[in-house]
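This report concerns only the one structure given below.
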2 protein chains.
Amino acid sequence: MNKKRTTIKDIANALNISPAAVSKALHDDSRISIKTKAAVKRVAKELNYQPNHLASALRRGKSNLVGVVVPRTNSNFFSSVVEQMEAVLDKAGYNIIITQSNESFKKECKNIDTLLYTQVDGIIASMANETVDLSYYEKIKSNGIPLILFDRGENDLNVDYVGINDYDSSHVIVEHLISKGCKRIAHIGGYRRTRIFNNRIKGYIDAITKNNLPIDDSLIIESSLTLEDGRREMTHLLQLENRPDAVYVASDYAALGALQVLNEQGVKVPEDIRLIGFGNEPFTSLVTPSISSIEQHSKDIGRIAAETFLKRVSEPKLKQTLNKIILDAELIIRDSSQ
Amino acid sequence: MNKKRTTIKDIANALNISPAAVSKALHDDSRISIKTKAAVKRVAKELNYQPNHLASALRRGKSNLVGVVVPRTNSNFFSSVVEQMEAVLDKAGYNIIITQSNESFKKECKNIDTLLYTQVDGIIASMANETVDLSYYEKIKSNGIPLILFDRGENDLNVDYVGINDYDSSHVIVEHLISKGCKRIAHIGGYRRTRIFNNRIKGYIDAITKNNLPIDDSLIIESSLTLEDGRREMTHLLQLENRPDAVYVASDYAALGALQVLNEQGVKVPEDIRLIGFGNEPFTSLVTPSISSIEQHSKDIGRIAAETFLKRVSEPKLKQTLNKIILDAELIIRDSSQ
DNA sequence: TACTTTTGCTTAATCGTTTAAGCAAATATA
DNA sequence: TATATTTGCTTAAACGATTAAGCAAAAGTA
């Protein structure tokens, strides 16, 4: 019935003590008697007291909120990363605000502004594909709060970064395919301007060379890695005079498109062409044949990114520097490369 | 270099006017001269002034934050709903905080507490499957902020609800299957205690009856609708003496499990058994054969839920009552029922 | 000219919490 | 017994913005 919410003042009045004593009692200050603490907590419960976060955050200059910026939440990778962050940060008393850029640079900038406006204590982000202008990330840094990047990062920002070893992953994939007898391995990759995709391409080339196979430029393709790109590029590869006997696709979505084309054209997978994706999205195990893929250890990435943030806030004197934490990825072998 | 962030006080000092004047200038108050406004805005930009949201929210008793509670963000339905909400609320000056319950009642309660603690101006939620105890939702209501439910709601709470017409959807599905000549239609559904699944079951039964087909209890199954449930129940249906000629599954994930079993056992879809899912998840169009499904108009649901929230805050005198907005769903026909 | 109104600001209180400083009473120490 | 320390609180000033109330100067009106 009472319109107003209960404040520490109400509790103070009820017990005839000062609001300061109530505040301290609620925080288990050692200078408050056990008796008073008990009384305060009892009355707080009776009056259904809910602390006003805005007031305490304002006073303490700390919101206990962490902002998260991801390209999408409906990808298994990102949602899993975020879930782990939540778990770690929750234990440390932080809550998170999730925003998605939908791969749009403009939306990403808006999200960053929103988070800064909400006075988050730090930002953990993975950049949109479009993003090349880093000024909004510089803005975060100049705000003095920690910035942690994961998966899609940028060396130039000189901040903490958590990701997998894309270069080595390509080696693992190529060597697995070679072990199955493949000699002409194609790579449908992302654009080189994005660091992670460039690393995958470089890893692919070096692994091919290392194993004494020839580099064939017609087998190396750059694209946006959507399902449609996968279809188009696979169709194109099948039209080559000298078809590949394996295709390594740098994204599961594009790999699925490739698989659809292979199935439609009666190409047997893995007998005629072996196929490997990247990201270990759930559908890779659901389609026929199931697609081999790289598990990016999203849980570890989420956990470590969160822990890195916590380390930064606990040691604010430490100045932000480039600090890369690179995890090994794992090849999940399924029917498409068996 | 300056550790401290700029406040309106800094701007006031720089211009030798009062902080109050600065505040008003920034809000284009009519009682501040155009000259002063210009000067204030210039200095604000020069000093890189960022308004402190906590302070203004505290003072005005309004955070301009809307809390969102969803079971998962990695489902296409929920992420699409949230995306639309974001678009609508953004235009009205609101930002959103997304939290996920992972279908856990405990996590859902924690999320609600977090949101209330963050002083959100309202909560838009879809309940976890587990949730039967509504006390945390009552807590939101007693907090005096608007509560809007979507998809997974509860009549007992007497709040706004946006969802699709589950009962009618079942009719559309059953009649489509009958038009294809099906006579023994099975239903792998959710548990009746969840309102939406109960409605789908009731719709299924009424549609079967309406079309003069017999009700066979062995063809009506309740489950949690995971992929595994779909596999198990489909296996079970195939063992029946009198196999069904169509299966209507109340979730795409379970439908996928069912399809896997059908494919594995060499049952031809749609020739031998027709299959229809629910939710129109992207993978339904990716698997072979593609799965017919119900599009739940996630974008409309998100938009309307957000608009309903805005209506509530603009007319606070209006007391919360049961107000259901039911949208028509749409059957997307694909290969599995063609 | 004498008044009312408008303009353009200032003053000061406020939102709810935290916290440094202070103070009396109780307890410990010499 | 006299002095030092600890205990258990209170007082009051913040945090940064907003806003009701007020007031002098400028402009308008009779």
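Looking only at the stretch B:288-308, which residues are more than 17 Å from B:Phe78 (Cβ to Cβ) and modelled with pLDDT of 95 or more?
Once the filter is applied, which keeps residues that are more than 17 Å from B:Phe78 (Cβ to Cβ) and modelled with pLDDT of 95 or more, the stretch B:288-308 yields B:Ile291, B:Ser292, B:Glu307, B:Thr308.
Has the stretch A:260-276 got at least one residue that is modelled with pLDDT of 95 or more and of a type in the set (Gly, Ala, Ser)?
For the stretch A:260-276, residues modelled with pLDDT of 95 or more and of a type in the set (Gly, Ala, Ser): absent.
I'm told B:Lys24 meets every condition in (1) more than 9 Å from DNA strand D (Cβ to nearest atom); (2) away from chain A (no Cβ under 12 Å); (3) surrounded by fewer than 20 Cβ atoms within 10 Å (Cβ to Cβ) except one. Can you identify the failing condition by its number?
All conditions are met except number (1).
Given the criteria within 9 Å of another protein chain (Cβ to nearest Cβ), within 16 Å of DNA strand C (Cβ to nearest atom) and buried (at least 18 other Cβ atoms within 10 Å of the Cβ), does B:Ser75 qualify?
no
Tally time: how many residues in the stretch A:34-64 are within 16 Å of DNA strand D (Cβ to nearest atom) and either within 12 Å of chain B (Cβ to nearest Cβ) or under 30 Å from A:Phe278 (Cβ atoms) (or both)?
Qualifying residue count for the region: 14.
Find the helices (runs of 4 or more DSSP H) located wholly in the stretch B:1-70 whose residues include 1 or more that are of a type in the set (Ser, Thr, Tyr), free of Cβ contacts under 8 Å to residues at least 60 places away in the same chain and within 14 Å of DNA strand C (Cβ to nearest atom), and list them.
B:19-26, B:34-46, B:53-60
From the list A:Asp113, A:Asp133, A:Asp121, A:Asp166, exactly one residue is among the acidic types (Asp, Glu) and closer than 23 Å to A:Ser75 by Cα. Which is it?
A:Asp166
For A:Val81, only one of the following conditions fails: (1) surrounded by 22 or more Cβ atoms within 10 Å (Cβ to Cβ); (2) away from chain B (no Cβ under 11 Å); (3) not small (Gly, Ala, Ser). What is its number?
With (1) surrounded by 22 or more Cβ atoms within 10 Å (Cβ to Cβ); (2) away from chain B (no Cβ under 11 Å); (3) not small (Gly, Ala, Ser) applied to A:Val81, the lone miss is (2).
Does B:Glu46 fit the bill of being out of contact with any helix residue (DSSP H, G or I) (no Cβ under 7 Å at 6 or more places or on another chain) and surrounded by fewer than 17 Cβ atoms within 10 Å (Cβ to Cβ)?
yes
Just checking, which of B:Glu138, B:Glu103, B:Glu130 is over 25 Å from A:Ser63 (Cα atoms) and in contact with a helix residue (DSSP H, G or I) (Cβ under 7 Å, 6 or more places away or on another chain)?
Unique residue meeting the criteria: B:Glu130.
May I ask you to say which residue of B:Lys141, B:Lys202, B:Lys183 is within 14 Å of another protein chain (Cβ to nearest Cβ) and basic (Lys, Arg)?
B:Lys141
Where the second residue is of a type outside the set (A, V, I, L, M, F, W, C) and assigned to a helix (DSSP H, G or I) and the first is within 14 Å of B:Ala329 (Cβ to Cβ) and lies in the stretch B:298-309, which pairs have Cβ atoms under 8 Å and are six or more apart or on separate chains?
Once the first residue is within 14 Å of B:Ala329 (Cβ to Cβ) and sits in the stretch B:298-309, its partners that are of a type outside the set (A, V, I, L, M, F, W, C) and assigned to a helix (DSSP H, G or I) give B:Ser298/B:Asn76; B:Ser298/B:Ser80; B:Ser298/B:Gln84; B:Lys299/B:Ser80; B:Lys299/B:Glu83; B:Lys299/B:Gln84; B:Asp300/B:Gln84; B:Ile301/B:Gln84.
So B:Ile148 ticks every box in (1) within 14 Å of chain A (Cβ to nearest Cβ); (2) under 25 Å from B:His53 (Cβ atoms); (3) within 13 Å of the chain's Cα centre (by Cα) but one. Which box is left unticked?
Exception for B:Ile148: condition (1).
If I ask for residues that are free of Cβ contacts under 8 Å to residues at least 40 places away in the same chain and either of a type in the set (Lys, Arg) or crowded, with 16+ Cβ neighbours inside 10 Å (or both), which ones from the stretch B:310-338 would you list?
B:Lys311, B:Lys317, B:Lys319
The values are calculated or read from the model by the stated rules, or taken from the named source; none is laboratory data. Predicted model, so just to flag it, every value in this text is computed and none were measured. For neighbour counting, all protein chains shown are included, and Cβ atoms are generated from backbone atoms with ideal geometry for every residue, glycine included.
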